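Following: one structure in structure tokens, then a few remarks.
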Amino acid sequence: MLADLHAHSTASDGLLSPEALVAAAHAAGVQLFALTDHDTLAGQQRAQAEAKRLGMGYVTGVEVSAQWRGRSVHILGLNIALDSPELCQLLAEQALVRERRAQVIGERLAKAGWPGAYDAAKTYAGSADIARPHFARHLIAVGAVKDMDQAFKRFLGEGKLGDVKAIWPDVHQSVSAIVAAGGRAVLAHPLKYDLTRRKLIELLRVFQTAGGQGMEVVSGYQAPPATAQMAGLCRELGLLASCGSDFHAPQAPWQALGAFGTLAADLTPVWHDWVDSTSVTCPA
Ligand code: AMP
Ligand code: MN
Ligand code: MN
Ligand code: MN
């Protein structure tokens with residue numbers, strides 16, 4: 001089973017429409033797919049419809065921005081009901097948080113000599129809620145930086161002006177909303193938080209206590225030792241294993257759809273009991 005359970009569309013900070021994304025995943029050989037846009041379900045119906053049309057297995061998804069000890073962590077909600085009042089309420093609040101944060105980032109960039117960034121980011125976002133990559137695209141367009149990476153290093157990343165602290169719901173609230181929606185919470189890209197092994201285990205235990213059930217053992221391209229390390233943690237903590245590209249754009253080959261290592265055979269995949277469920281139609 002080639003599953004890719006983490007990807008973004010134009011409903012958040014991805015570059016492909018939900019339909020184009022699903023078609024690209026299908027073309028890449030993905031058999032079970034989840035669109036997991038940041039803090040929104042806006043692309044779900046379109047992605048689901050396109051997957052159905054192509055005969056590809058589809059799981060509903062979202063990537064919730066949360067906070068733990070003052071840092072941002074991302075929690076995937078997979079196989080969620082799209083009409084859950086608890087989850088919809090949390091995501092409605094996230095949209096307001098994103099809007100307020102975008103205004104603050106715009107003001108800070110203006111003070112730093114880059115006016116007009118809020119309006120430009122809003123234009124890049126279109127109908128999506130503003131995310132930092134929308135600011136990055138503007139900073140690249142006006143020549144402030146040469147690429148995404150530099151935009152985060154100089155303006156938007158950890159400790160820089162775009163890093164607005166303590167705005168997201170905590171791990172407990174985020175996981176609870178996913179569980180209330182009948183979904184499974186999965187800690188996204190555990191290696192991206194720059195945590196020591198001990199701290200990461202602390203985070204995972206808090207996450208499990210809150211009702212979290214899985215972790216991404218594979219996230220996009222990663223070196224084999226990193227995958228082995230994540231598989232080890234997954235076993236040690238008795239979590240379900242997930243994998244995903246975290247695809248945003250065709251220009252980033254390290255996040256190519258469906259193109260990452262497989263999960264070790266002894267791990268229990270997060271989708272193990274979904275394949276025959278009514279919400280997931282998988283090719284045999
Ligand atoms: P936001 O959701 O507004 O907090 O923005 C976070 C998003 O920015 C992530 O989901 C990534 O898509 C992107 N991102 C974060 N760090 C980097 C980085 N160093 N280089 C490129 N993109 C990044
Ligand atoms: Mn993103
Ligand atoms: Mn993420
Ligand atoms: Mn993501």
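The values are calculated or read from the model by the stated rules, or taken from the named source; none is laboratory data. No experiment lies behind these values; they were computed from the predicted model shown. Counting neighbours? That spans all protein chains shown, and the Cβs are built from the backbone with ideal geometry, glycine included. Accessible surface is based on the protein model in full, side chains and every heavy atom, while ligands, DNA and RNA are left aside. Shrake-Rupley method; radii C 1.70, N 1.55, O 1.52, S 1.80 Å.
Overview of results
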item	result
In the stretch 1-22, residue nearest to Ser245 (Cα to Cα) [restricted to those that are in a helix (DSSP H, G or I) and either basic (Lys, Arg) or within 16 Å of ligand 2 (Cβ to nearest atom) (or both)]	Leu21
Evaluation of Lys146 against (1) within 21 Å of the chain's Cα centre (by Cα); (2) within 13 Å of ligand 1 (Cβ to nearest atom); (3) of a type outside the set (A, V, I, L, M, F, W, C) (one fails), failing number	(1)
Some residue of the stretch 23-32 being outside any helix (DSSP H, G or I), more than 16 Å from ligand 2 (Cβ to nearest atom) and open to solvent by less than 10 Å² (accessible area, probe 1.4 Å)	yes
Residue list for the stretch 1-22, filter: more than 15 Å from ligand 4 (Cβ to nearest atom), among the hydrophobic types (A, V, I, L, M, F, W, C) and open to solvent by 10 Å² or more (accessible area, probe 1.4 Å)	Met1, Leu2, Ala20
Entirely in the stretch 126-220, the helices (runs of 4 or more DSSP H) that have 2 or more residues that are open to solvent by less than 30 Å² (accessible area, probe 1.4 Å) and in contact with a strand residue (DSSP E or B) (Cβ under 8 Å, 6 or more places away or on another chain)	171-180, 197-209
Asp246 vs. criteria within 21 Å of Phe33 (Cβ to Cβ) and at pLDDT 95 or above	yes
